[in-house]
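> Dropping the structure in here first, questions after.
The values are calculated or read from the model by the stated rules, or taken from the named source; none is laboratory data. Just so we're clear, the structure is a prediction, and the values are computed from it rather than from any experiment. Note that each Cβ is placed from the backbone with ideal geometry, even for glycine, and that neighbours are counted across all protein chains shown.
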Amino acid sequence: HSAELLAMRQRSFARPQKNYYSNPPQIERGWKEHMFDVCGRAYLDMVNNVTILGHGHPRLARAVGRQWSLLNTNSRFHYAAVAEFSNRLAELAPEGLDTVFLVNSGSEANDLALRLAWAYAGARNIVSLLEAYHGWTVASDAVSTSIADNPRALETRPDWVHPVTAPNTYRGPFRGKDSTADYVGAVAKTLQHIDDSGTGLAGFICETVYGNAGGIPLPPGYLQQVYGMVRERGGVCIADEVQVGYGRLGHYFWGFEEQGVVPDIITVAKGMGNGQPLGTVITRREVADALEQEGYFFSSAGGSPVSCVVGMTVLDIMRDERLQENARETGDHLKARLEALGQRFPLVGTVHGMGLYLGLEFVRDRETLEPATEETAGICDRLLDLGVIMQPTGDHLNVLKIKPPLCLSRESADFFADMLEKVLSEGW
Ligand code: PMP
C-alpha cells in the first residue's frame, strides 16, 4: 500500500520537491518530537525545524479550531488578533524595530525584506554570503548561493547580487576564530567594488548564526563591523532569523544577539507558526513606510485571524512550557554528548552551534577537512533503520542537521546520541 502511494505521488507531485529518503516510511501522525508510521513505528524527528512545539500539540489544535470556526479573513479588515499579534512581535524585537508585516513563509519574508531595502536605500545592490539559503521566490532565490540546495546557484546570479566569502571559522579560507579581520576584509572589497560602480548599496543579508553551513557562529565582532560598513553607505542590514531565531539557540531568543548587534530588518518564519504557514518582517517604521512611496504590499492570508491566533498560541506555549530554556539545557547536554563522540571517532570533525541548533560535521581527515559526504548519507540511512530522522546539510552535505522540536526531552537527546554512537561503532 505504502509503495503504491509513493508511486502515486511520483506520478503527479512535482519532482523538484524530493522525499528525504529513497524508500521513506509512510508517516501518519506526530506527537511531540516523534512521528509514527502507518504500522505504528516511532521515529525520533531530529530535523524538523518548523514544529518547534512538537507535533500534534492539542492546545494549538484547539486554538486553531476555535478561530477557524469563528472567523478567517485578511488584514484589510479590523479584528483583534492582528493588532494583538503585531504588538507582541514588536515587543519581542529590540527597541526601535516597532513595525510588523505578516506574510506566509520565510521566502516571502526575505523577498519583502529585499524590497524594503531597495525602497528605503533607493539602490539595488545586495551583498549576501556564499553557502546561503534564503528561499525560493525570485528575489530570495537570487541571494541564495548554496550549491547544496541548487547546484547551479552560482551560475545564475542577477547583477545586483554580490556574494561574499562565507565567514566559516571551521573550513573557510581564513579558518579560525581570530579570522574576523580577514572575513570583514572580504566584505570591504566587495563594498569597494560597489562604491566604484557608483550604483549604490541597498543592503546586506545573512543568517546571524550560519545555519545553512551547519550552524556555525560567525567570527566574534564580524557583524558589528560589517553592519557598520553597510550603514555608512546608506544600506540596511537584514537578519534572516527564519531558522536561527525564535528561541532555538536556547542561550538567545534571536541569533543576532550572539553577535551583539541590532539589525534594521528581521525576517522570521518556520517555528513561529509551528507548521501553519506564517512569516513576518519586523523593521523600523521609516523603513516600512518607504514601501508606501515606492511599492505595494498585500498578502491575502498573511496576518489572517487564524495565522495570528496560531502565532500568539505558539508564543504562549513556548513561555508556559519553557521551551527556550529546554533548548538551552537539552541542547547543551546533547552538544556535550556529541563532542564526546568526537573523542572516539575521527570521522567527527567538529560539532557546530548551540541550543537545539547543532551541526555535526563529518570529515575524512581532520587536517585537510576533506568532507565525508558519502559517509554522512550512509549514516543518515542507518539512523533511519534505528528510528531516527536525520538529514545532511552544508554545501558538501557532510553535516548532520540537528534541529529538532524545542520540546526534545533529555531521554530523546540521549537516544539520538546512543543511536549515533552505535552507527559510528559499525565503522565508516
Ligand atoms: N531562510 C532560511 C535561513 C531558511 O532556512 C529557509 C527555509 N529552509 C528560508 C529562508 C525559506 O523559508 P520558507 O521555506 O518558509 O519559504
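> I'd like the residue in the stretch 251-289 that is in a helix (DSSP H, G or I) and basic (K, R) and, out of all such residues, is farthest from S105 (Cα to Cα).
R285
> Which residues, taken from the stretch 98-116, are under 18 Å from T208 (Cα atoms) and buried (at least 24 other Cβ atoms within 10 Å of the Cβ)? Quick ask: steps written out before the conclusion?
Keep residues of the stretch 98-116 that are under 18 Å from T208 (Cα atoms), which gives 106-107, 109-111, 113-114.
Hits for the stretch 98-116 are G106, A109, N110, D111, A113, L114.
> Considering only the stretch 136-148, how many residues are among the aliphatic types (A, V, I, L, M) and within 11 Å of the ligand (Cβ to nearest atom)?
Going through the stretch 136-148 one residue at a time, the tally reaches 1.
> Now for a separate question. Does I147 satisfy the condition of being under 21 Å from the mean Cα position of the chain (by Cα) and modelled with pLDDT under 95?
So I147 passes the test.
> So in the stretch 265-303, with the set limited to residues that are among the polar types (S, T, N, Q) and more than 21 Å from P58 (Cα to Cα), which one is farthest from the ligand (Cβ to nearest atom)?
Q293
> Considering (1) surrounded by 16 or more Cβ atoms within 10 Å (Cβ to Cβ); (2) assigned by TED's automatic domain parsing to the domain that holds L218, say which one D316 fails and leave the rest.
Result: D316 passes all but (1).
> Let me ask something else about it. Run A83 past the list (1) surrounded by fewer than 17 Cβ atoms within 10 Å (Cβ to Cβ); (2) under 20 Å from the mean Cα position of the chain (by Cα); (3) modelled with pLDDT of 95 or more; (4) of a type in the set (A, V, I, L, M, F, W, C) and report the number of the one that doesn't hold.
Only one criterion is unmet by A83, namely (2).
> If you go through the stretch 209-228, how many residues are surrounded by fewer than 18 Cβ atoms within 10 Å (Cβ to Cβ) and touching a helix residue (DSSP H, G or I) at 6+ places or on another chain (Cβ under 8 Å)? Talk me through it step by step, then tell me what you get.
To start, the set of residues in the stretch 209-228 that are surrounded by fewer than 18 Cβ atoms within 10 Å (Cβ to Cβ) comprises 220-221, 224, 228.
From what is left, the residues that are touching a helix residue (DSSP H, G or I) at 6+ places or on another chain (Cβ under 8 Å) are 220-221, 224.
Summing the residues that are surrounded by fewer than 18 Cβ atoms within 10 Å (Cβ to Cβ) and touching a helix residue (DSSP H, G or I) at 6+ places or on another chain (Cβ under 8 Å) in the stretch 209-228 gives 3.
> For a quick check of your reading of the model, give me the residue pairs whose first member lies in the stretch 405-419 and is more than 20 Å from E325 (Cβ to Cβ), whose second is part of a helix (DSSP H, G or I), with beta-carbon atoms closer than 8 Å and at least 6 apart or on different chains.
Filtered contacts from the stretch 405-419: A417/L334; A417/R337; A417/L338; A417/L341; M419/L383.
> In the stretch 404-421, how many are over 16 Å from the mean Cα position of the chain (by Cα) and not in a helix (DSSP H, G or I)?
Of the residues in that region, 3 qualify.
> Answer yes if at least one residue in the stretch 124-135 is farther than 17 Å from V230 by Cα, surrounded by fewer than 23 Cβ atoms within 10 Å (Cβ to Cβ) and away from the ligand (no atom under 16 Å from the Cβ), and no otherwise.
Within the stretch 124-135 (the criterion being farther than 17 Å from V230 by Cα, surrounded by fewer than 23 Cβ atoms within 10 Å (Cβ to Cβ) and away from the ligand (no atom under 16 Å from the Cβ)), the answer is no, since none of the residues qualifies.
> For Y227, are the conditions met, namely being away from the ligand (no atom under 16 Å from the Cβ), in contact with a Phe, Trp or Tyr (Cβ under 9 Å, 6 or more places away or on another chain) and in contact (Cβ under 8 Å) with a residue 24 or more places away in the chain?
Judged against the criteria, Y227 is a match.
> Looking at the stretch 49-58, can you tell me whether even one residue there is within 16 Å of the ligand (Cβ to nearest atom) and at pLDDT below 95?
Looking for residues that are within 16 Å of the ligand (Cβ to nearest atom) and at pLDDT below 95, one finds at least one in the stretch 49-58, hence yes.
> Looking at E257 and the list (1) surrounded by fewer than 24 Cβ atoms within 10 Å (Cβ to Cβ); (2) among the acidic types (D, E); (3) over 19 Å from R328 (Cβ atoms), which single condition is not satisfied?
(3)
> Please verify whether V262 is away from the ligand (no atom under 16 Å from the Cβ), crowded, with 24+ Cβ neighbours inside 10 Å and closer than 22 Å to L116 by Cα, treating the condition exactly as stated. Explain how you work it out, then say what you get.
Numbers: away from the ligand (no atom under 16 Å from the Cβ): yes; crowded, with 24+ Cβ neighbours inside 10 Å: no; closer than 22 Å to L116 by Cα: yes.
So V262 does not fit the description; no.
> Failed condition for R248, given (1) among the charged types (D, E, K, R); (2) touching a helix residue (DSSP H, G or I) at 6+ places or on another chain (Cβ under 8 Å); (3) assigned to a helix (DSSP H, G or I), with all others met?
Of the numbered conditions (1) among the charged types (D, E, K, R); (2) touching a helix residue (DSSP H, G or I) at 6+ places or on another chain (Cβ under 8 Å); (3) assigned to a helix (DSSP H, G or I), the odd one out for R248 is (3).
> Now for a different question. Name every residue in the stretch 84-112 that is of a type in the set (S, T, Y) and away from the ligand (no atom under 15 Å from the Cβ), in order of residue number.
S86, T99
> What about A239, is it in the same structural domain as T145 (by TED's automatic domain parsing), outside any loop (DSSP other than H, G, I, E, B) and small (G, A, S)?
Considered against the rule, which asks whether it is in the same structural domain as T145 (by TED's automatic domain parsing), outside any loop (DSSP other than H, G, I, E, B) and small (G, A, S), A239 comes out as yes.
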